Each structure stands twice: as structure tokens, then as C-alpha cells.
Amino acid sequence: MSEGNGIVWESVRFRVPCQGCAGTAEAVGGQGLVFGRLEWSEEIRCGGCGRRTVTCGRGETPSWLRERLLAEGELSPARLVLTGEGGSGRSVVAMKVFRARLGLDLAGARALLAEIESGHHEATLPEAAELAEALRAVGVAAHAVPRGQTDCPISGCIS
């Protein structure tokens with residue numbers, strides 16, 4: 001993971017068949033929150049034929065890469081934790097953020113809030129950090145907690 005200066009990044013290494021020589025190529029795929037925007041990338045290098053490809057984008061991460069980060073990432077799945085005063089005011093504001101950021105309907109926003117409050121919502125660390133940032137921008141205390149952390153020590157969570 002890389003964090004600081006407005007960046008939260010997680011990557012995972014894996015192997016794929018080379019499209020140039022059919023050998024085995026080394027790959028690195030990652031997702032990041034870069035100054036408030038989700039970005040993703042994949043780099044493939046083949047030691048056999050020298051072929052190198054780089055693919056990247058902004059916004060929604062391809063499902064295969066997101067699933068790999070959730071399954072194999074060092075810090076994902078991460079949790080989004082809401083702290084501070086609860087109540088209906090916080091819930092309404094949080095659901096408005098979920099609807100605006102994620103395109104959810106009211107039922108979907110309500111279900112997501114229930115998952116988060118019960119500790120069962122899982123996301124990649126950059127996704128959780130993006131939602132935490134959006135929630136804090138409207139006054140809801142929130143932070144992203146990486147895999148393996150049960151609470152939020154100052155050095156262990158993304159605020």
C-alpha cells in the first residue's frame with residue numbers, strides 16, 4: 001500500500017500467459033484513490049519475449065482486478081467504519097452520499113448503510129477510503145480500516 005499526499009494505493013502481483021509468446025508473464029495490477037478519484041492499472045512483462053503492456057483507467061475498476069484485490073490483496077478487503085454520533089441525521093446524510101457516489105436507489109443505500117454499521121461491508125482499501133473521504137466532506141466521521149485491523153489506531157486506518 002502507498003498512502004500520503006492524497007494517494008491510497010494497493011496492488012497485487014500475479015502471473016498470466018504472455019500474448020506474445022505463450023510463455024508465463026509477470027503482472028502487477030492495482031487500484032488507487034488518487035486525489036479523490038479511483039484509478040486502476042495493470043502492467044504485464046514477459047521475461048521470455050520482452051513484451052510489455054500497460055493498461056490503466058479512471059473510475060470503475062474492472063471486475064476481474066477488483067475481485068483479485070479482494071481475494072489476494074494484503075490490505076483488502078477493507079471496512080468502512082462510521083464513528084461519532086449515530087442517529088437518523090447521520091444515516092440520512094450517509095445514504096445521500098451512497099446514492100450520489102454509487103448510483104444506488106434508496107433501498108440499496110439503506111442496505112449498504114446496514115452492512116457498514118454491522119461490520120459486514122467489504123471493499124478494496126481505495127474504495128473504502130473514497131467513501132470515507134466523501135462522508136467526511138459532508139460532516140460524517142468515517143475512516144477505512146485495512147484487512148486485519150480490528151480498530152483504528154492512528155497508524156492503521158485511512159482517514
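The values are calculated or read from the model by the stated rules, or taken from the named source; none is laboratory data. On a predicted model such as this, the values are computed, not experimentally measured, just so you know. Every residue, glycine as well, gets a Cβ built from its backbone with ideal geometry; the counts of neighbours run over all protein chains shown.
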(Q) From the list Val16, Val34, Val12, Val28, exactly one residue is in contact with a helix residue (DSSP H, G or I) (Cβ under 7 Å, 6 or more places away or on another chain) and among the β-branched types (Val, Ile, Thr). Which is it? (A) Val12
Q | Yes/no for Arg79 being in a helix (DSSP H, G or I), modelled with pLDDT of 90 or more and either assigned by TED's automatic domain parsing to the domain that holds Arg13 or touching a strand residue (DSSP E or B) at 6+ places or on another chain (Cβ under 8 Å) (or both) | A | no
Q) So which residues in the stretch 13-59 are within 16 Å of Leu125 (Cα to Cα), crowded, with 18+ Cβ neighbours inside 10 Å and in contact with a Ser or Thr (Cβ under 9 Å, 6 or more places away or on another chain), if there are any at all? A) Gly29, Gly30, Gln31, Gly32, Leu38, Glu39, Trp40
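May I ask you to verify whether Ala94 is under 23 Å from Glu117 (Cα atoms), surrounded by 13 or more Cβ atoms within 10 Å (Cβ to Cβ) and hydrophobic (A, V, I, L, M, F, W, C)?
It is true that Ala94 is under 23 Å from Glu117 (Cα atoms), surrounded by 13 or more Cβ atoms within 10 Å (Cβ to Cβ) and hydrophobic (A, V, I, L, M, F, W, C).
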**Q.** Condition met for Val93 (in a helix (DSSP H, G or I), β-branched (Val, Ile, Thr) and either at pLDDT below 95 or touching a helix residue (DSSP H, G or I) at 6+ places or on another chain (Cβ under 7 Å) (or both))
**A.** yes
